[in-house]
Amino acid sequence: MCRSPPTHHGAQIFLKKIFWNLIQQSTSQRQIPVTLRSFSSTAASSSGGGGAGFFARVGSFISGAGLTAIATEVYIFKEVREGNLEMLKKQRDLEKRLAALETKK
């Protein structure tokens, strides 16, 4: 026997049950071992590592800034070159129009 699709009211009840179960699961108190908690302050202090040092962070910043500068320079060079080509094309068109006007006279 084939079930008929749920009515609008039935779908609302079904979604409310799913939503309620998700809320209950997210608010339930579960014990997770400290080693599995990735952002636990106690796990970080017990491992002895404090993360990246000052010079590692500065080096990372400088390399990121350098890559950004290179990408920006390439982009600007490309834009200037395309703009120059477009201006040269317009100048040639104007010279052709001027030459055509001079030959008419």
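Yes or no, residue by residue, for (1) in a helix (DSSP H, G or I); (2) open to solvent by less than 60 Å² (accessible area, probe 1.4 Å); (3) of a type in the set (D, E, K, R):
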{"position": "Ala52", "(1), (2), (3)": "no, yes, no"}
{"position": "Arg57", "(1), (2), (3)": "yes, no, yes"}
{"position": "Gly64", "(1), (2), (3)": "yes, yes, no"}
{"position": "Thr68", "(1), (2), (3)": "yes, no, no"}
{"position": "Thr72", "(1), (2), (3)": "yes, no, no"}
{"position": "Phe77", "(1), (2), (3)": "yes, no, no"}
{"position": "Met87", "(1), (2), (3)": "yes, no, no"}
{"position": "Arg92", "(1), (2), (3)": "yes, no, yes"}
{"position": "Glu102", "(1), (2), (3)": "yes, no, yes"}
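Testing Ser4 on (1) at pLDDT 75 or above; (2) in a loop (DSSP other than H, G, I, E, B), one condition comes back false. Which one is that?
Here Ser4 clears every test but (1).
The values are calculated or read from the model by the stated rules, or taken from the named source; none is laboratory data. On a predicted model such as this, the values are computed, not experimentally measured, just so you know. With ligands, DNA and RNA removed, areas are computed over all heavy atoms of the protein, side chains included. Shrake-Rupley method; radii C 1.70, N 1.55, O 1.52, S 1.80 Å.
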